[in-house]
Amino acid sequence: FVSWLLDVGEEKAWVNEKIKSLNLDGTRDNLPAVNRLLKKYDLLERELETHNQHIDTVIMAAGNAINESRTTHSIEVDEHMQELKDSVGVLYNICAAHKACLTDEAAHLNFNWKAEAIEVFITQKERHVLTEDVGSDLTSCEVLISRHNNYTTSLNSFKDNIDSLTSLKDRLIASQHAQTKALKQRHADVLKRWNALFAESEARRKRLNTALAHFKEIEGIFQTFAEKASQFNGWYENAEEDLTDLIYTSNMDECKKLRVEHTAFVEALSHEKREEFRNLTEIDRTIRSHHVTVNPYTWFTMDSLEDSWQSLLRAVKERDLMIEKETLRQEQREELRKAYAAQANKFAEWLETTKLKLTNNRYRLEDQRDLIESKHEEIKKKRAVLREIEDLSAHLEKGMIFDNKYTTHRTVTLAQQWDQLNEFTRRMHHTVTGQIEAQNRTGVDEDELKEFTLMFKHFDKDRSGRLDHNEFKACLRALGFDLPVPQEDQPDTVFEAILDCVDFDRDGFVRLEEYMQFMISRTTENVASTDELTEAFKSLTEEGNKPYITASELYAAMPPDQAKYCIDRMEKYPDVPGALDYTNFTKIIFQSNLNSSIASVD
């Protein structure tokens, strides 16, 4: 029994000690302190649960104590038992009441802590939404909008804290918390600030969107100005280059074309380009009205464009003066062209007329000679006119004038034609004089001489006063010469023998005087003695000194019929195949005229 009493005393002392500790709780004016107390009561509850086993053991031991004391102390045991149970009940009640009170206080303090945290958050966010900064340009405004979008996202994410605070408020009010009125007021104040923050956030979004539209409008104006300014500057640079290019034209037509192009440019400058410049000015004025001066899309400013415009106007005036000077220069050059052309054309016409008159064979030989002599004097006098033309040509070359639409005649060509005409006149005079002398000496008919001349002119297609070898061969055949056609790769010995008599220098041409001498000699050929005839045949041989002659040499030197006549009557020269003896032949026919004999054969 005494042992039991000791155990009961210990338990009652432990319970009383715990009750006293509960009555001596510390400060509970902040959430951490209350949370610490709640943890303390949690530990106490777990300790009570553990200690209840000892109390139950003591209570169960009460029966043993009564049996041992044989009920002598039963009443005392019951009293001690009841006191222990009452003490434990008091401890449980105090602990539960205190914990409930602490739980309410913790919820209230937690509500205030959350409300305070939300208010701090709102205070921080209010600084963002209350600012009037909307950026200074499109980029900065877009950055601010991006930040505001992030800001709105953070607000939406934080809304869970508002909902949590509301739920906590509702629980506290439902539990009839002593601070219900204060809770409601605090919650209403927080919710009011939260809604105001959202309203301010939306108002700032609208301000930013308005600013964005404004900056986009300015951005569009910037881009338009930059594009038009770039186009204008490109046109200006090209125009300036064209206006400052050196002017050099070759003739008046080019100068007129240059004037037309410049007039068209000035016309466009006065209307189209001036209107474009006015549009640029209006765009710049609009930009300035928005109090924005820096254009991020171009370095061109209206001031620089204005300087370019004024520079261009000055260049246009300078270009006008340059074109006027060039026009005056071309007018002077044109007059020089006309002066040269007038004399050159007149001189060329005189050359052509003179040549036609000289080649007109309707005159008698004596009249032709007189005409040639008079024209020869006229040609000499015209040399002075040619010098004047050459002087004008020198002036043209000095002025680098190489084109002349007023004439096709060049000084070199005219000089060559004058030289040719002079030489042609000299030769004609020699030919006509020779014809007159031959006519007087041999009695050749003038009509026959004209026939020779006409035939020569017929084959002289270019009126050069000479025939090439092919033209000369065709002329001989037209006159009745029987010129054999040589076989392929064989020399034309007959024609070559004739050329030896006509084209002595073998320059490839037979001139009129050479031709006439050949034809007269063939027509008037007559020898006075055997020796002369023999020497004549000897001259026809290949080397001019052979005592014999071949058939080909005869054909080359004579008309075919005459050559055949000689071949038929000449004896063969001994010991030389194909050779003919012309010495005996001359003795036989000395008494007869060669041409007459040939004519009789015809």
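The values are calculated or read from the model by the stated rules, or taken from the named source; none is laboratory data. Not measured: the values here are computed from a predicted model. So basically every Cβ, Gly included, is an ideal-geometry build from the backbone, and we count neighbours across all protein chains shown. Please note that ligands, DNA and RNA were not included when accessible areas were found on the heavy atoms of the full protein model with its side chains. Shrake-Rupley method; radii C 1.70, N 1.55, O 1.52, S 1.80 Å.
Structure summary
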{"quantity": "In sequence order, calculated HN-Hα J values of segment 149-160 (Karplus, 6.51, -1.76, 1.60; Hz; x Gly/Pro)", "calculated": "5, 5, 4, 5, 4, 5, 5, 5, 5, 6, 4, 4"}
{"quantity": "Label-point separation in nm, Thr353 to Lys317, each point 7 Å along Cα→Cβ", "calculated": "5.6"}
{"quantity": "q = 0.21 Å⁻¹, segment 261-414: log10 I(q)/I(0) [Debye, one scatterer per Cα]", "calculated": "-1.23"}
{"quantity": "For the chain, fraction of C-alpha pairs farther apart than 32 Å, in %", "calculated": "77"}
{"quantity": "Added length on full extension, which subtracts the Cα-Cα distance from 0.36 nm per residue, Asp489 to Glu79", "calculated": "130.2 nm"}
{"quantity": "Cβ-derived FRET efficiency at R0 41 Å, Thr286 paired with Arg127, nearest 0.05", "calculated": "0.70"}
{"quantity": "Computed label-point distance, nm, for sites Ala100 and Glu423 using a 7 Å Cα→Cβ extension", "calculated": "15.2"}
{"quantity": "Protein accessible area in the chain, 1.4 Å probe - carbon and sulfur %", "calculated": "51"}
{"quantity": "Along each principal axis, Cα extent of segment 353-438, largest first, Å", "calculated": "55, 20, 15"}
{"quantity": "Gyration tensor verdict on segment 195-316 (Cα atoms; rounded if a/c is under 1.5, prolate if a/b is larger than b/c, oblate otherwise)", "calculated": "prolate"}
{"quantity": "Value in Å of the Kirkwood radius, where segment 144-270 supplies the Cα pairs that are averaged", "calculated": "21.9"}
{"quantity": "Residue-averaged 222 nm ellipticity for the chain, from DSSP H runs of 4+ at -39500 (n - 2.57), nearest 500", "calculated": "-27500 deg cm²/dmol"}
{"quantity": "Karplus-derived HN-Hα couplings along segment 121-136 (A = 6.51, B = -1.76, C = 1.60, θ = phi - 60°), whole Hz, x at Gly and Pro", "calculated": "4, 4, 4, 5, 6, 4, 4, 6, 7, 8, 6, 9, 6, 10, x, 9"}
{"quantity": "Simple Cβ-charge dipole of the chain, Lys/Arg +1 and Asp/Glu -1, about Cα centre, in debye nearest 20", "calculated": "2700"}
{"quantity": "Segment 103-157 - Rg and Dmax from Cα coordinates, angstrom", "calculated": "16.5, 56"}
{"quantity": "With Cα atoms, 0 to 90° folded angle of helix 302-358 axis to the chain main axis", "calculated": "10"}
{"quantity": "Whether segment 467-517 is rounded, prolate or oblate, judged on the alpha carbon gyration tensor where a/c under 1.5 counts as rounded", "calculated": "oblate"}
{"quantity": "Residues in segment 107-122 that a label on Lys159 would reach, taking backbone N under 17 Å of a point 7 Å out along Cα→Cβ", "calculated": "122"}
{"quantity": "Nearest-ten-degree value, helix 469-478 long axis tilted from longest Cα axis of the chain", "calculated": "50"}
{"quantity": "Two-site label geometry, Asp447 and His395: point separation in nm, points 7 Å out along Cα→Cβ", "calculated": "5.6"}
{"quantity": "Accessible surface, segment 269-317, averaged per residue in Å² (probe 1.4 Å)", "calculated": "65"}
